[in-house]
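These notes are about the structure you will find just below.
The values are calculated or read from the model by the stated rules, or taken from the named source; none is laboratory data. All of these numbers come straight from a predicted model, not from anything done at the bench. A quick note on method: Cβ atoms are made from the backbone with ideal geometry, for glycine too, and the neighbour counts reach across all protein chains shown. The protein model used for the area step is the full one, side chains on, heavy atoms only, and it has no ligands, DNA or RNA in it. Shrake-Rupley method; radii C 1.70, N 1.55, O 1.52, S 1.80 Å.
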Amino acid sequence: MGKTLSNEVKQALKDIYYQEWTGKGKEAFAMLEQASAAGDGDATCLLARCLCGHQYVWVGHGFPEDDDRATQLLHKSVEQGSALGVMVALRSGELTPSVEKKMPFASLQEAFDEVLALAEEGDAFCQYTVANSYFWWDFLRIQNKGKDSFPNQAAYKAYLAENIAKCEDWFWKALHGGMYFAANNLNRYYTQGDEDLIAPQPEKAKDLFKIGAEYGHPIQQAIYADDLDEAGKPEEAMIWYKKAAEGGHPGAWTDVGYYYFEGTGVEKDEAYAVKCYEKDMSTDVLRTRNFLGKAYFFGRGVPQDYAKAFQLLSWAYDRGSKWGVFYLGKCCFYGLGTPQDYGRALKFLEEVNWNYWEADYLRGMIYGQGLGVAQDIPKGVSYLQKAGNHKEAKEELLHYKKKLFGGWVRR
């Protein structure tokens, strides 16, 4: 790495972390690929982070996830002489003894000092890396110290507390410099403290995501909007959801759409809500398919289309979301947008784990009449009674009577 970052790395950091809303992430990724192949170890290190998923890079960039390649690249960055790569590999648990032997530094302290110098010159990513070395106790290995290095437990704990506390200032510098990830660890530092060494200071955490939002980071605009929503401030939340959406944060248009669909904090506009949902269809956000599926199921904001509803809700269900299981069950029961299939309907309806009369009514019909399953009249009646305050369930219960000596039969 020398004592400076290459122009390619500086530009990539800007496009991937500091001004990620510009939408130049994929260009930066391609540039890192070229720089890495040309021997730039810092570029190799950043490329590795890009492949590690949303915990290391904004999901809005749409980078592929490849843990194996990321590990190979981190090792390569160490061999290429990147002090940044050494620190990131250490933090990631990838700086094994064999990898450490290949680094062109006399010690971890020498590599750390090089990153520290860049942090002091103002690079936010390096400031974040330095902060993490204190926050996650990596300084112990860097400084080659442990409990046995101190005369007693009190001295050791004082040393730990002194070093851990250094992360606070570095995280703030990184956050103000554009490294929005710093807010996550600062939030943890303030809300949880660190064992019996650092006391929690939750009052200091309250504006962290607001700061990131005001700097323009889409993910933190979405987080701040969530906070405002939970605080009962839907009008303000909508403003930040829309900013996050316009900045490209996956799922934010769905949040905007939900507000318009329900008329929360804004005048209700179901047609506009659907347009918002459709803007998120290029993402893998499950809520998007669920909410759009509901719109098609009821014909709210779009012409009613059970086939589209079933397709969208099934897509989300197949990927682990049970949000739409009732609608899927109802479609299968009545043959709406999919072939009628009572057995499949029951499978979905049995996954409805909240109290809902119509789900109980349909299950009562299936079991009571033996539709697609072995008839179980007592079970069917039980479900119908559970839904009995509703007209349909009351009418269906009229088809059953209790025998003289107990038990139920169908009339």
Next on the checklist: Need one value: the accessible area of residue 148 in square angstrom, 1.4 angstrom probe, rounded to the nearest 10.
Outcome noted: 150 Å²
Next on the checklist: Just to check I understand the Karplus step: with θ = phi - 60° and J = 6.51 cos²θ - 1.76 cosθ + 1.60, what whole-Hz values come out for segment 304-311, glycine and proline as x?
Outcome noted: 4, 8, 5, 5, 5, 4, 5, 4
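If r is the Cβ-Cβ distance from residue 356 to residue 65 and R0 is 35 Å, what FRET efficiency results, to the nearest 0.05?
Working: r = 37 Å, r/R0 = 1.05.
It comes out at approximately 0.40.
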Item to check | Top positive-direction residue, dipole computed over segment 341-411 with Cβ charges, set 345, 398, 380 | outcome: 398
Checklist outcome for this item: Between the Cα axis of helix 67-79 and the main Cα principal axis of the chain, the angle (0 to 90°, nearest 10) is 10 degrees
Next on the checklist: At 1.4 Å probe size, with the rest of the protein present, what percent of the exposed accessible area of segment 328-411 is carbon and sulfur atoms?
Outcome noted: 50 percent
Item to check | Top positive-direction residue, dipole computed over the chain with Cβ charges, set 291, 198, 213 | outcome: 291
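Of the accessible area of segment 201-313, with the probe set at 1.4 angstrom, what percent is carbon plus sulfur?
Details: 2490 of 5200 Å².
Roughly 48 percent, rounded to a whole number.
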Checklist entry - Any idea what the dipole of segment 42-83 comes to, in debye rounded to 20, about its Cα centre with Lys/Arg Cβ at +1 and Asp/Glu Cβ at -1? => result 100 debye
Checklist outcome for this item: Summing -39500 (n - 2.57) over every DSSP H run of at least 4 in the chain, dividing by its residue total and rounding to the nearest 500, the 222 nm mean residue ellipticity is -18000 deg cm²/dmol
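In debye, nearest 20, what is the charge dipole magnitude of segment 253-411 about its Cα centre with +1 on Lys and Arg Cβ and -1 on Asp and Glu Cβ, if you could check?
Values: 23 positive and 19 negative charges, 162 e Å.
The dipole of segment 253-411 has a size of about 780 debye.
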Checklist entry - Suppose R0 equals 51 Å; then what is the FRET efficiency for residue 298 and residue 30 from their Cβ-Cβ distance, rounded to the nearest 0.05? => result 0.70
Checklist entry - So what is the accessible area of segment 23-72 per residue, in Å², with the probe set to 1.4 Å? => result 48 Å²
Checklist entry - Each residue of segment 324-335 in order: what ³J(HN,Hα) in whole Hz does its phi give by Karplus 6.51 cos²θ - 1.76 cosθ + 1.60, θ = phi - 60°, with x for Gly and Pro? => result x, 4, 5, 4, 5, x, 5, 4, 5, 5, 9, x
Item to check | Per residue accessible area of segment 78-155, 1.4 Å probe, in Å² | outcome: 44 Å²
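When the chain is fully extended, how far beyond the present Cα-Cα distance does residue 385 get from residue 148, taking 0.36 nm per residue of separation?
Details: separation 237, 0.36 × 237 = 85.32 nm, distance 7.00 nm.
Stretched out fully, the residue 385 to residue 148 stretch lengthens by 78.3 nm.
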Checklist entry - What does the highest-first list of 107-118, 373-384, 130-141 look like by mean Cβ count within 10 Å? => result 130-141, 107-118, 373-384
Item to check | Modelled FRET efficiency - R0 25 Å, residue 347 with residue 411, Cβ distances, 0.05 increments | outcome: 0.30
Next on the checklist: Between 0 and 90 degrees, rounded to the nearest ten: what's the tilt of helix 182-192 against the longest Cα principal axis of the chain?
Outcome noted: 80 degrees
Next on the checklist: Compute the angle between helix 357-369 and the longest alpha-carbon principal axis of the chain, please, reported from 0 to 90 degrees and rounded to the nearest 10.
Outcome noted: 50 degrees
Checklist entry - Ordered by residue, what ³J(HN,Hα) values in Hz, to whole numbers, does segment 5-18 give under the Karplus form 6.51 cos²θ - 1.76 cosθ + 1.60, where θ = phi - 60° and Gly and Pro are x? => result 9, 5, 4, 5, 5, 4, 5, 5, 4, 4, 6, 8, 10, 7
Checklist entry - Which value does Rg/Rh take for segment 4-137 over its C-alpha atoms, Rh per Kirkwood? => result 0.93
Checklist entry - Which one of 310, 366, 261 is farthest out on the positive end of the charge dipole of segment 259-388, using unit charges on Cβ (Lys, Arg +1; Asp, Glu -1) and the Cα centre as origin? => result 366
Item to check | Spin-label pair residue 278/residue 231, simplified geometry with 7 Å Cα→Cβ offset, distance in nm | outcome: 3.5 nm
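Place a +1 charge on the Cβ of each Lys and Arg in the chain and a -1 charge on the Cβ of each Asp and Glu, then give the dipole magnitude about the Cα centre in debye, rounded to the nearest 20. Kindly include the intermediate steps, with their values, before the conclusion.
On the way: 47 positive and 57 negative charges, 442 e Å.
Taking the Cα centre of the chain as origin, the dipole is about 2120 debye.
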Checklist entry - So what are the chain's ellipsoid semi-axes, whole angstrom, largest first, if each one is the square root of 5 times an eigenvalue of the alpha-carbon gyration tensor? => result 54, 25, 21
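State the extension gain, in nm to one decimal, for the chain segment bounded by residue 107 and residue 7, taking 0.36 nm per residue of separation less the distance between their alpha-carbons.
33.3 nm
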Checklist entry - So, by mean Cβ neighbours within 10 angstrom, what's the order for 192-202, 343-353, 360-370 with the highest one leading? => result 360-370, 343-353, 192-202
Checklist outcome for this item: Per residue, accessible area of segment 238-327 with a 1.4 Å probe, heavy atoms of protein chains only, in Å², comes to 45 Å²
Next on the checklist: Computing the accessible area with a 1.4 Å probe over protein heavy atoms, can you report the carbon and sulfur percentage for segment 1-79?
Outcome noted: 46 percent
Next on the checklist: Could you report the accessible area of residue 61 in Å², rounded to 10, computed with a 1.4 Å probe on the protein chains as they sit in the structure?
Outcome noted: 10 Å²
